Structure formats: C-alpha cells, structure tokens
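The values are calculated or read from the model by the stated rules, or taken from the named source; none is laboratory data. For clarity, every value in this text was computed on a predicted model and none was experimentally measured. Cβ sites come from the backbone with ideal geometry, for glycine too, and all protein chains shown count toward neighbours. Surface accessibility is based on the protein's heavy atoms, side chains included, excluding ligands, DNA and RNA. Shrake-Rupley method; radii C 1.70, N 1.55, O 1.52, S 1.80 Å.
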Amino acid sequence: VLLDIKMKGVDGGTICHLIKFNESTEKIPVIMFSSNENIEAITNKCGADGFITKPFNLDKMKDSFERILGADYMRAS
C-alpha cells in the first residue's frame, strides 16, 4: 500500500496504523509517501515499512519498492 500522509478525511498515518496493528493485515507492506518534514517519525510511529519523500526520484522510488517488496517480486510484476 502506498499512502500519502495528507489525504482528504483521514491521514495516511492513521490508515497505516490500522493496517500494521491489525493481526489480519499486519504483513501487508505499507510505504508512506509525502513532503511532510516529519515523514520518518510518522513512518516509525505508524509501523510503515518505509517512506518516500516528495519530490521523488523514480530510481530511488523503485529502489525503495525493491528493498521493501523484494527484488524477485518486482521482477515478477
């Protein structure tokens, strides 16, 4: 799941927390995506698997996905 921190109605950190602290969904990879200067702290607090800062570099984004999801998963997609 790729979540922005700022979303209409609810923030991504809250959604991430709901995913990562629920036994039936905790293994779903979650990556936070934001220009928020506190993204690393928010990512750690909500239990996300990683984060990408905006503006982003496509190569760095791909590297993050491979690190979190695994290179084999990315090649199979």
Original post:
Which of the residues spanning segment 17-27 are surrounded by 12 or more Cβ atoms within 10 Å (Cβ to Cβ) and part of a loop (DSSP other than H, G, I, E, B)?
Top reply: THR25
Original post:
Can you tell me which residues in segment 1-16 are surrounded by 18 or more Cβ atoms within 10 Å (Cβ to Cβ) and touching a helix residue (DSSP H, G or I) at 6+ places or on another chain (Cβ under 7 Å)?
Top reply: LEU3, ILE5, GLY13, CYS16
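Scan segment 1-16 for residues that are of a type in the set (Asp, Glu) and part of a loop (DSSP other than H, G, I, E, B) and jot them down.
ASP11
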**OP:** Of all residues in segment 1-12, count the ones that are of a type in the set (Lys, Arg) and free of Cβ contacts under 8 Å to residues at least 12 places away in the same chain.
**Re:** 1
Original post:
So ASP59 clears everything in (1) open to solvent by 60 Å² or more (accessible area, probe 1.4 Å); (2) assigned to a loop (DSSP other than H, G, I, E, B); (3) not aliphatic (A, V, I, L, M) except one condition, right? Which one?
Top reply: (2)
**OP:** From the list ALA48, ALA41, pick out the single residue that is open to solvent by less than 70 Å² (accessible area, probe 1.4 Å) and not in a helix (DSSP H, G or I).
**Re:** ALA48
Subject >> Positions within segment 13-38 being free of Cβ contacts under 8 Å to residues at least 24 places away in the same chain and under 16 Å from ILE52 (Cα atoms), in sequence order >> reply: SER35, GLU37, ASN38
